[in-house]
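Here's a structure for you.
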Amino acid sequence: PAVIHAEHLGKTYAEGSLRTPVFDGLSLTVAKGETVAILGASGAGKSTLLHLLGGLDTPTSGEVYVVGQKMSALSDAARGALRNKSLGFVYQFHHLLPEFTALENVMLPVLLNGTSVQDASQRARALLESVGLGHRLAHKPGELSGGERQRAAVARALVNRPACVLGDEPTGNLDEKTAAIVFELMLALNREHHTSLVLVTHARSLARRMDRVLELHEGKLRELRRDEV
Ligand code: ADP
Ligand code: ADP
């Protein structure tokens, strides 16, 4: 079954009399283990789409299914639990909690699942080691370099072994070399664990490395041919 399936998705932001239609009738299916890049100009609606796929916002029309579950049919609590268990999120900025160490930040999603502190600690530690941060467990975000913070954010996104990671410019805030390292890490984790990846990116060189490249333009999602990327 598809990891994510979106059907005839539409979104119009409405504030008072101001209406901003972003897109209407978008459909998208992400298979298990598949990697998908989403390109598009600023304001095209990429973040909006990612928010809808991740159940962080509600579509105006259409449906999103995550691992076969219809998001609109779930209670807020059930949707939150499904998100924490089956999806991982990585943003342009790391959004780590500043008062917690790298280890504690990565443990949090596991603890939210009701796992014991000991198991959570073990899993978080193993994952931080696999992203090359085994020597940074006790560092707080402010004590990590930009690349290290983003690798910690990747570890946090993956620690519950999600079916899919949704990334909004996950390497957009890093220099080229560090961006490449973090991106390769995400691809390696994708290959190892068959975690699907849906990444919004501006970097065509990164998009080219993914199974499919979609472009969001004037409210339409179009699959690009290899020679167009
Ligand atoms: P992208 O990620 O491709 O840059 P966004 O999804 O952020 O695009 O935005 C798409 C459109 O929706 C833009 O015109 C933006 O101004 C508008 N928009 C985004 N978020 C909101 C919001 N919370 N309220 C109203 N309009 C919004
Ligand atoms: P970069 O070379 O990527 O710019 P930094 O110069 O920010 O990295 O940091 C170099 C190393 O020192 C990093 O591995 C980081 O973890 C560590 N570090 C940076 N600031 C602190 C700090 N305040 N306390 C402890 N370790 C730190």
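Please treat every number below as a calculation from the coordinates, not as lab data. Source: prediction; values computed, not measured. Methodologically, a virtual Cβ is constructed for each residue, glycine included, from the backbone with ideal geometry; neighbour enumeration extends over all protein chains shown.
Thinking of the range 77-155 as a set of Cα atoms, what percent of all their pairs are more than 19 Å apart?
When every Cα pair of the range 77-155 is considered, 33 percent fall beyond 19 Å.
Continuing with the same structure: Taking R0 as 30 Å, what FRET efficiency do you get between A73 and H193 from their Cβ-Cβ distance, rounded to the nearest 0.05?
Efficiency, rounded to the nearest 0.05: 0.60.
So, in nm, how far is label V117 from label Y13 when the simple model puts each one 7 Å beyond its Cα toward the Cβ?
In this crude label model, V117 to Y13 measures out at 4.2 nm.
Let me ask something else. Per residue Cα convex hull volume for the chain, in cubic angstrom?
131
Here is a follow-up. Give me the dipole magnitude in Debye, nearest 20, for the range 12-116 about the Cα centre, with unit charges on the beta carbon: positive for Lys and Arg, negative for Asp and Glu.
It works out to roughly 220 debye.
Another question, if that's okay. In Å, what is the Rg of the alpha-carbon atoms in the range 58-120, and how long is Dmax?
14.4, 43
Quick check: Cα centre of the range 11-65 to Cα centre of the range 95-166, how many Å?
Taking the Cα centre of each part, the range 11-65 and the range 95-166 sit 28 Å apart.
Now a separate question. Please compute the length gained on full extension between R208 and V229, using 0.36 nm multiplied by the number of residues separating them and subtracting their Cα-Cα distance.
Result: 6.9 nm gained on full extension.
State to the nearest 20 debye the size of the charge dipole of the range 62-180 about its Cα centre, where the only charges are +1 on K and R beta carbons and -1 on D and E beta carbons.
About 320 debye.
Which percent, to the nearest 5, of DSSP beta bridges fully inside the range 102-229 are antiparallel?
Roughly 45 percent of the DSSP beta bridges within the range 102-229 come out antiparallel.
Let me ask something else about it. At T20 and L82, where each label point lies 7 Å from the Cα along Cα→Cβ, what is the point-to-point distance in nanometres?
2.7
For the chain, with only Lys/Arg (+1) and Asp/Glu (-1) charged at the beta-carbon, what is the dipole magnitude about the Cα centre, in debye rounded to 20?
That gives a dipole near 340 debye.
Moving on to the next point. What does the highest-first list of 69-76, 19-26, 38-45 look like by mean Cβ count within 10 Å?
38-45, 19-26, 69-76
Round to the nearest 0.05 the FRET efficiency obtained for K140 and R161 when R0 = 25 Å and r is the Cβ-Cβ distance.
0.50
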